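To start, the structure under review is shown below, and the notes come after it.
Bear in mind these aren't lab numbers, they're just calculated from the coordinates by the rules spelled out. As the structure is a computational prediction, the values presented were derived from the model and not from experiment. Cβ: placed from backbone, ideal geometry, glycine included. Neighbour counts: every protein chain shown.
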Amino acid sequence: MTRTMVRKAAPLLILFGVACWGGWLAAPQALPPVAFHFQTARALLAAGHARAALRELDLAARAHEVAPATALWRAKCYAALGEWAPVPALLQGYLERHPDQEEALYWLGAAQFHLRQFDAAQATLQQAVSANPRDGAAWRVLGLVALEHDQRRAAYEDWQRAVAVNPRDAEACYLIGRLFYESNYFSESDQWMSRTMAITPHDYRAAYYRGLAQEALGKLEAALTLYQASIRESRAQQVAYAWPYGAAGRLLTKLSRLAEAQQVIEAGLQRAPDARVYTAYGELLAQQHDWSKAEAALRHAVTLDPALPDPHYPLSRVLTALGARDAAALEMTRFRQLQQAQRPRQR
Amino acid sequence: MMRLSRFRRGLTAALVLLLTGVAQPPALPVPATLNPYQVQFVDVTAAAGIHFHHERAASPEKLYPETMGAGVGWLDYNQDGFMDAFFVNSGFTPAFHPATPPQPALYRNNGDGTFTDVTAQSGIHSDGTFFMGVAVGDFDNDGYPDIYLTGYRHSVLYHNNGNGTFTDVTAKAGVGDDGAWGTAAGWFDYDHDGKLDLLVTNYVQFDVDHNVVCGDRRPGFQAYCHPDNFHGTSMRLYHNNGDGTFTDVTRKAGLVNPDGKSLGVVLADLNNDGWTDIFIANDTERNFLYLNNGNGTFTDATYTSGAGYSEDGKAEAGMSADAADLTGNGRMDLYVSHLDFELNRLYHNNGDTTFTDATFTSGLAQTNTLHSSFGARFFDIDNDGWRDLLVTNGHILDNIPKYHPEVTYAEPRTLYRNLGEGKFADITATQDAAFRAPRVGRGLAVGDYDNDGRLDFVVNNNGEAGQLFHNTTTAPLQKQNHWLAIHLIGTRSNRDGIGARLKLTSGAWNSYDQAKGGMSYCSAQDPRIYFGLGKRTTVDRLEILWPSGEKQVLEHIAPDQIITVEEGKGITPYRYPALRRPVP
């Protein structure tokens, strides 16, 4: 398997080889041409094969290759795999030797963020942006940390800095758009998602959120078009992205376009059967007065995501229709409890 | 210090810098078929001699009541057969204390299309109470409608002396609602004892003496607070003892609910059991649906009814409430108006004490998203037999463009025509510029001030002139629809007949309505009940189920008239006068 990956990464390996022999990649310290496994690992990581890259780094260590930034690269591999736990230990040692190494600061901050060590992440990322104010990625994660601290203004400003550093930072644009949507600023959300899609036309998340914004603005057909675009893009990228199925299904159900709703929800159930899609399915069945099936679908939604408030309200309505008023009241209470944590209302 | 969410403060600067210049979408052309009877609401305020200007008592402190008032009402205070107009005004605040407090205004209908301000001689005088709303009802069954004014920390009951004057009887009656911020109120006979009781809803626990600073700290960005900053207040139910006094029976009736942040109320029989129920629109809290148990108590049926929240389960910023049968099935559907970026909700009555959110399927979800809606009423603008919808709009925040550049403080009102079976089309664009001119709309009261069978309306605009709109049509006479209006006089029931249910039959066609309490935003409606008949030229049968339980049936009634029906007797000879000269 590693061989296959190496074959796939061959062009990059050749490039790195040439670069090393030519002395082009001298920073932070000139690498001798013998660090083959280390260079292979870098190329594999660049090609998206983080696990294989880690194995090459192990081989590099066993071969006693001279590779001074091994800890950083190992950390980056773990980060790429979403395995954040080992990252801080790897980077803290590295940063003791290289305290201002911007990239290491960024990855340490990112790891701390993912490990929900938000105070530590904030401090580390502040260091990172102090060391390099043009580190857009660090600003972006700093914004996410601020959001976790419920400092929405700070989050917004951090993401604005990321956009200032790189006006084509689609992720930062997306985050700003999402922040606007979740704060009930729908026109603004629409504009930022539109900007995101101008940079990355295939961003199915941006299409989904733009659809939500359009729906909130009363532009229902535009919303449906965007949900469909999101579905199309996520399918093309082979990502099981459930949310647009749920949103389209719910909107079509509200509009009493039940056949279309059924079609999109069934597609969602097939491709991305999450709690939102099951909620939409339950609502569709309730609209059709198929109460028992509606209850089953909504209860399944609750099982899939017990923290999601969405299915509890229609479930309460369905149980009312079934005459189970006490159970309905319980669901209503649960709905209200879960809703407490929802986004703040704006006037 | 309590403040608006940090996020909003934080986003303000960026919004202004980045998101200016968002244009309003151009008005879409409206097919003439959407207004086939060519109804035009013409602003006749000046010609009618109405010069009321609402004083909003604006201050740099942004005291919450400033932006919330006020209501408006119709009543025939002198029983001359013409509806008179009543405008509610604000009052003193710590930041607004002119030598003379703002005064409400009673305009007598002269019967010739003009009105005369008779406030001074009526005895209605404000001592500076900051008034919000008005409810009209004949609580002592003497034939003259009395006036209840809701206000901040104190409300007032004026007894109509029957000679053109009123007397403040609040203290004796014990209905001052003291300490609470009274908003929407309504009269109804909840226990069927033949006397009108009073339901007063209250808004948040805002302390005008200890203002809360909300909004961004930068100059020009301070804003009126969000209701989340304050606790709610329970409604109060005052039982009419029949001797000029009332007893607070809120607890006994099971109506204590401190979550109330109420701005709208409609009192109607929502489950057709003969007992008047309570539906209240709350700001950022669930709506309240209290079903009348028929034994002096009520049951909170909100959670299982489906009318407490949007269909997504959101508690929205409810501003007003109305109820009407929109589909001809004899059941009262509910409507709640909301602020911008929320939809005004229509709840279809399923007939089993549950409601289905019909906002999208009715066609009401597609427009008005950017508007903040206050007064709203269903009435048949063209007498085609389907009740249409009028909504007044106007934002809460007078500096809202600084936060949302695409939203304005003053907003045009919205008119929807019922295309049949509860499907609506926005026909605002068919109205003239005066109708569509942006205003900070609040109270809305519908009434037929010229007794021509076409319902007119009056609005109270926050900090602006009140307006009277006359319902006109340019359609030829033969194209116009027929109508019938009923003035109820209860004998065993309360004299206003509030709580009566009416069923009108013409051939195979039926239409239903009720004599309801409350409605719209802090306003009082023409108490007569209007039925549009379309092209039907006869009313075969009119059934009235009085609150007393008496069922009265009248047959073969000629259309295009206002009839007075006395409980147990039938149509009385009283004929409503026509205007002495046409309305300008």
_Students often forget the sequence filter, so: which lysines lie under 25 Å Cα-Cα from residue A:293 once same-chain residues fewer than 8 apart are removed?_
A:254, B:314
*What are the residues whose amide H is under 5 Å from the amide H of residue B:363, where those residues sit 5 or more places off or on another chain and H is modelled from the backbone?*
B:424
*B:210, B:159 arranged by Cβ crowding within 10 Å, fewest neighbours leading*: B:210, B:159
*Gyration tensor (alpha-carbon) shape descriptor, region B:322-380, a/c threshold 1.5*: prolate
*Peptide B:305-314: average number of partner chain Cβ atoms within 10 Å per residue?*
5
*Please turn the phi angles of region B:129-140 into ³J(HN,Hα) values with the Karplus equation 6.51 cos²θ - 1.76 cosθ + 1.60 (θ = phi - 60°), one per residue in order, whole Hz, x for glycine and proline.*
4, 7, 7, 10, x, 9, 10, 10, x, 8, 6, 9
*Output the pairs from A:219/B:479; B:195/B:252; A:219/B:62; B:402/B:423; B:195/B:551 with a Cα-Cα distance over 25 Å in this structure; if there are none, say none.*
A:219/B:479; A:219/B:62; B:402/B:423
*Kindly point out, ordered by number, any Cys in chain B whose beta-carbon has no other cysteine beta-carbon under 4.7 Å away.*
B:522
*Could you give the semi-axes, largest first, of the ellipsoid that matches chain A, computed as the square roots of 5 times the alpha carbon gyration tensor eigenvalues and rounded to whole Å?*
45, 23, 20
*Estimated 222 nm signal from helices in chain B, with DSSP H stretches of n ≥ 4 weighted -39500 (n - 2.57), rounded to 500*: -1000 deg cm²/dmol
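First check a/c for region B:460-529, with a ≥ b ≥ c the square roots of the eigenvalues of its C-alpha gyration tensor; if it is under 1.5, answer rounded, and if not, answer prolate when a/b is larger than b/c or oblate otherwise.
It is oblate, given that a/c is not under 1.5 and a/b is not larger than b/c.
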*If you take the square roots of the eigenvalues of the alpha-carbon gyration tensor of chain B and sort them as a ≥ b ≥ c, do you get rounded (a/c under 1.5), prolate (a/b over b/c) or oblate?*
rounded
*Among B:487, B:338, what is the fewest-to-most ranking by other Cβ atoms within 10 Å?*
B:487, B:338
*Between residue B:45 and residues 5 or more places away or on another chain, which pairs have amide H atoms under 5 Å apart, with H built 1.01 Å from N, and which residues are they?*
B:468
*Which whole-Hz ³J(HN,Hα) couplings does region B:558-567 yield from phi under the Karplus relation 6.51 cos²θ - 1.76 cosθ + 1.60, θ = phi - 60°, glycine and proline marked x?*
6, x, 6, 8, 9, 9, 10, 10, 9, 4
*Given R₀ = 45 Å, FRET efficiency for residue A:308-residue A:46 by Cβ-Cβ distance, to 0.05?*
0.75
*Going by how many other Cβ atoms sit within 10 Å of their own, how do B:414, A:279 line up, fewest first?*
B:414, A:279
*asked:* Taking R0 as 30 Å, what FRET efficiency do you get between residue B:207 and residue B:127 from their Cβ-Cβ distance, rounded to the nearest 0.05?
replied: 0.90
*asked:* Within region B:248-280, list the residues whose amide N lies under 16 Å from a label point set 7 Å along Cα→Cβ of residue B:503.
replied: B:269-275
*Any idea what angle helix A:243-254 forms with the longest principal axis of chain A, computed on alpha-carbon atoms, 0 to 90 degrees, nearest 10?*
20 degrees
